[in-house]
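Notes to accompany the following structure.
The values are calculated or read from the model by the stated rules, or taken from the named source; none is laboratory data. Quick caveat, the model's predicted, so the values are computed rather than measured. Cβ placement follows ideal geometry from the backbone for every residue including glycine, while neighbour counts extend to all protein chains displayed. Surface accessibility is based on the protein's heavy atoms, side chains included, excluding ligands, DNA and RNA. Shrake-Rupley method; radii C 1.70, N 1.55, O 1.52, S 1.80 Å.
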Amino acid sequence: MAKKIFDVYGMTCSACSEHVRKSVAKLPGVKNVAVNLLKNDMTVTFDENALTSEQISAAVTKAGYRAVLRDTGQRPASAGGGNVMQEEAEGMKRRFTFSVIFVAPLFYIAMGHMLGFPLPGFLHGTENALTFAFLQFLLITPIIFINFHYFRSGFKLLFKGAPNMDSLIAIGSAAAFAYGVYAIFNIGYGLGHGETMLAEKYSMDLYFESAGIILTLITLGKYFETRSKGRTSEAITKLMNLAPKTAVVVRDGLEVEIPAEQVLVGDIVVVGPGGSVPVDGVVVEGSSTLDESAITGESIPVPKGKGDAVIAATINRTGTFKFRAQKVGGDTVLAQIIRLVEDAVSSKAPIARLADRISGIFVPVVILIAAGALVLWLLLGYPFEFAMSIGIAVLVISCPCALGLATPVAIMVGTGKGAENGILFKSAQTLEVTQSVNVVVLDKTGTITEGKPKVTDIVSAQGLTEDELLSLAASLEKPSEHPLAEAILAEAGQRGVKIRETAEFSALPGRGIEAVLDKKKYLAGNLKLMEEKGIDIAGLDEKGEQLAGEGKSLLFFADEKNVMGLIAVADVVKPTSREAVSALKALGIEVVMLTGDNRRTAEAIRKQMGIDRVVAEVMPQDKEKEIAALQAGGKKVAMIGDGINDAPALARADVGIAIGAGTDVAIESADIVLMKSDLADAVTAVHLSRAVLRNIRQNLFWAFFYNVIGIPIAAGAFYLAIGLKLNPMIAAAAMSLSSVFVVTNALRLRLFKRPDAQFTACPVGVACEINENKKIIKERKRQ
């Protein structure tokens with residue numbers, strides 16, 4: 001299966017995108033089609049043995065649009081190399097400006113006398129009716145020419161049986177224009193045959209100004225809409241602009257500046273103070289601190305030294321360093337982030353399917369309603385011009401744009417906002433499902449905890465100081481490869497204590513080690529080893545019980561007769577994990593910990609964290625079964641993990657969330673990636689998902705409500721009762737306003753702020769509201 005992206009030209013509303021989708025979806029060999037109205041592109045997954053890219057482009061052309069395969073580089077000249085959305089907005093602005101130049105005098109001539117404004121003498125009176133009408137004709141003609149796109153696109157698709165928003169505008173304004181031309185003939189006939197009443201009647205019913213103002217207002221609305229749509233992708237644009245255009249590399253012993261895209265894997269790259277990292281790599285010389293906020297959302301600069309990884313588009317604050325390029329071009333973390341965000345924007349959220357289905361039939365239904373209203377008012381005995389104005393009003397007030405934009409603009413802003421905060425949603429569906437999660441399952445190691453053991457307590461005996469005991473422990477453990485030994489050696493290195501050489505080192509599997517130090521034999525191991533060797537741990541037993549109860553691993557150290565002390569080692573909890581668990585519970589989400597650790601350690605972590613429930617001693621292959629069991633109970637489950645053994649569970653969960661520092665396998669299996677490896681970001685993801693879905697519902701409500709109310713008013717449903725009739729010009733303004741309103745509402749998501757993770761924990765099954773003192777002030781049952 002091949003997956004290719006096409007740029008699609010000519011789409012103006014959701015009816016267009018749905019028609020393009022249907023045209024391609026019915027081709028043999030097509031597995032999936034996603035059309036993005038905001039980006040004017042189409043992603044097609046298809047079997048290359050059954051279908052070619054040229055056939056897909058031909059299907060789009062047959063549907064009335066134009067598609068160009070993006071990766072062939074055959075972009076139209078109009079697309080240029082700049083911002084297509086910006087160019088489109090500039091084009092709309094020019095069309096509006098020139099339209100106003102002609103529509104202003106047209107409106108003055110047609111409506112000025114009704115508003116009490118003076119008109120030139122040669123336009124007054126029935127004898128000048130033809131001049132009055134023909135001057136308006138001359139003014140409307142350039143407006144139609146300037147905005148001819150609506151007519152070309154609208155009628156073309158109408159005749160193909162797939163009318164869109166342009167079709168509604170074209171029919172409405174063309175009907176007004178045609179009636180005006182018809183009126184001119186009647187004025188001429190009336191004046192030529194002495195029927196002054198006929199000439200006077202038609203000089204008052206020209207409708208040229210309606211056609212002109214409809215086209216001008218629609219273009220103004222499209223200008224504001226396009227400008228707003230362009231702002232929805234600012235997050236992606238900012239990411240793209242972060243990567244430096246050039247890089248300084250060492251070639252043949254000299255530092256040379258080259259375009260960033262020419263950096264090769266293995267190149268040594270030099271970054272000075274204030275410079276940006278051009279590609280991903282590992283530091284080989286020097287040290288500095290890097291601002292990684294654009295990639296991870298972390299505001300605090302991160303120190304980097306030899307052996308540390310650096311990411312493209314991060315900014316060097318101080319110092320100069322060299323690094324070896326490991327990932328370049330499309331393989332960098334930045335490129336992958338942009339790809340993930342674009343994929344999410346291109347995908348469809350389940351809530352969007354309703355709008356798509358309605359958009360597919362909306363325009364034909366509106367045309368039928370307009371025609372039906374016109375015929376009905378004629379049958380009721382009203383003049384043709386009255387019935388026609390009703391039909392035009394119905395056509396121009398109906399707005400499939402607002403309906404089609406309701407979901408994609410919110411999805412685009414939401415995914416972009418997530419990327420700004422180091423949270424990558426892989427699809428629009430993920431963004432929607434996350435808001436309904438009511439159980440979060442957490443892996444322990446690397447998710448709740450740091451993922452590597454650290455020394456937490458040193459308890460000495462026999463008059464030794466902490467450093468003396470640590471020196472003894474590190475010397476004994478140096479030959480060992482056990483993870484607990486690594487923790488002791490790391491602590492010794494941090495404190496700078498002396499490490500001596502041992503002799504006759506021997507590992508005792510499952511118990512510990514023994515070795516000779518300064519010609520004296522020492523033991524290091526668990527309580528079982530001490531008991532086996534007959535070492536009395538009196539004086540340390542009570543402290544040992546306490547530390548073991550906290551889930552810490554204990555290492556006792558002794559000579560052949562006496563215990564020298566103990567060191568407690570634990571995989572320490574991340575600083576924000578406790579707050580994150582409390583915040584999840586405050587959202588009404590049950591928190592479950594899933595770990596392969598022993599029950600005692602797991603229970604200690606559960607109490608420390610305030611987790612609702614723990615499932616301990618779980619084999620890696622059984623984690624997925626635990627997720628399935630929760631789902632079988634009707635739960636919407638999110639799984640957060642970082643290891644290879646988490647991948648099946650991540651894939652099984654309704655929402656899989658991978659810690660960014662985890663393995664590639666875990667990240668590939670997940671639906672959301674937390675770049676900062678911070679559990680608090682999972683809370684932000686839920687908040688953002690809920691904010692986006694709330695925004696989408698608001699947009700859909702407005703789009704549906706607008707049409708449900710607007711179409712009956714335009715059709716004259718209230719005219720007989722209260723005399724309410726909608727002027728086509730007002731209908732055009734209302735139509736434009738509805739689209740601008742929906743896009744502007746979606747842009748409010750750009751104001752989304754990360755929530756404060758400091759929450760009081762709520763009872764399981766209850767969502768809480770917290771006051772400024774972090775006390776529960778209101779409880780409500782979880783939905």
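For this structure, a couple of remarks:
- Projecting the Cα positions of GLY641, GLY329, ILE146 onto the charge dipole of the chain (unit charges on Cβ atoms of Lys, Arg, Asp and Glu, taken about the Cα centre) puts ILE146 furthest along the positive direction.
- Heavy atoms of the protein chains alone define the surface here; on that basis the chain has 44 Å² accessible area per residue at 1.4 Å probe size.
- Per-residue extension of 0.36 nm, minus the Cα-Cα distance of THR52 and VAL516, leaves a gain of 159.6 nm for this segment.
- Among the protein heavy atoms of the stretch 692-744, carbon and sulfur supply 77% of the accessible surface, probe 1.4 Å, non-protein parts ignored.
- Within-11-Å neighbourhood charge of LEU191 [Cβ basis; K, R +1; D, E -1]: -3
- Accessible area ranking (1.4 Å probe, heavy atoms, ligands and nucleic acids excluded), largest first, for TRP377, TRP702: TRP702, TRP377.
- Candidates PRO509, LEU472, PRO575 compared by Cα position along the dipole of the chain: farthest toward the positive end lies PRO575, with charges placed on Cβ.
- For peptides 144-155, 493-504, sequence by mean Cβ density within 10 Å, most packed first: 144-155, 493-504
- In Å², nearest 10: area of LEU484 left accessible to a 1.4 Å probe: 30
- Where labels lie 7 Å past Cα in the beta-carbon direction, separation of VAL265 and LYS607 in nm: 5.0
- Residue among MET729, ILE361, ILE657 farthest towards the positive dipole end of the chain, charges placed on Cβ: MET729
- Inter-part distance where the stretch 447-494 and the stretch 158-198 are each reduced to a Cα centre, Å: 91
- Label-to-label distance for GLU504 and PHE701 is 8.1 nm, based on points extended 7 Å past Cα in the beta-carbon direction.
- DSSP bridge orientation in the chain - percent antiparallel, rounded to nearest 5: 80
- Gyration tensor verdict on the stretch 1-40 (Cα atoms; rounded if a/c is under 1.5, prolate if a/b is larger than b/c, oblate otherwise): oblate
- Couplings for the stretch 431-436, taken from phi via the Karplus curve 6.51 cos²θ - 1.76 cosθ + 1.60 with θ = phi - 60°, read 4, 6, 5, 4, 5, 9 Hz in order; Gly and Pro are left as x.
- Taking 30 Å as the limit for the C-alpha separation, the pairs LYS521/LYS552; LYS160/LYS222; LYS327/LYS585; LYS478/LYS528; LYS31/LYS585 exceed it in the case of LYS327/LYS585; LYS31/LYS585.
- Over 30 Å (Cα to Cα) - which of LYS22/LYS93; LYS245/LYS304; LYS498/LYS607; LYS607/LYS635 fall in this group: LYS22/LYS93; LYS498/LYS607
- Carbon/sulfur fraction of accessible area - the stretch 445-601, other protein chains in place, 1.4 Å, %: 46
- For the stretch 507-574, size of Cβ-based charge dipole, Lys and Arg +1, Asp and Glu -1, in debye: 240
- Rounded tilt (10° steps) of 84-111 against the dominant C-alpha axis of the chain: 30
- FRET efficiency for HIS124 and LYS245, using Cβ-Cβ distance with R0 set to 60 Å, rounded to 0.05: 0.35
- Gain in span if fully extended, THR196 to PHE159, counting 0.36 nm per residue against the direct Cα distance: 9.3 nm
- Dipole magnitude (debye, nearest 20) for the chain, charges at Cβ of Lys, Arg, Asp, Glu: 2060
- TYR189/LYS31 FRET efficiency (R0 56 Å; Cβ-Cβ; nearest 0.05): 0.35
- The chain: angle of helix 14-25 to the longest principal axis, Cα-based, in degrees nearest 10: 70
- Placing dummy labels 7 Å off each Cα toward the beta-carbon, the span from THR97 to GLU545 is 8.6 nm.
- Protein accessible area in the stretch 21-74, 1.4 Å probe - carbon and sulfur %: 47
- Extension gain for GLN86 to PHE117 (0.36 nm times residue separation, less C-alpha to C-alpha distance): 7.3 nm.
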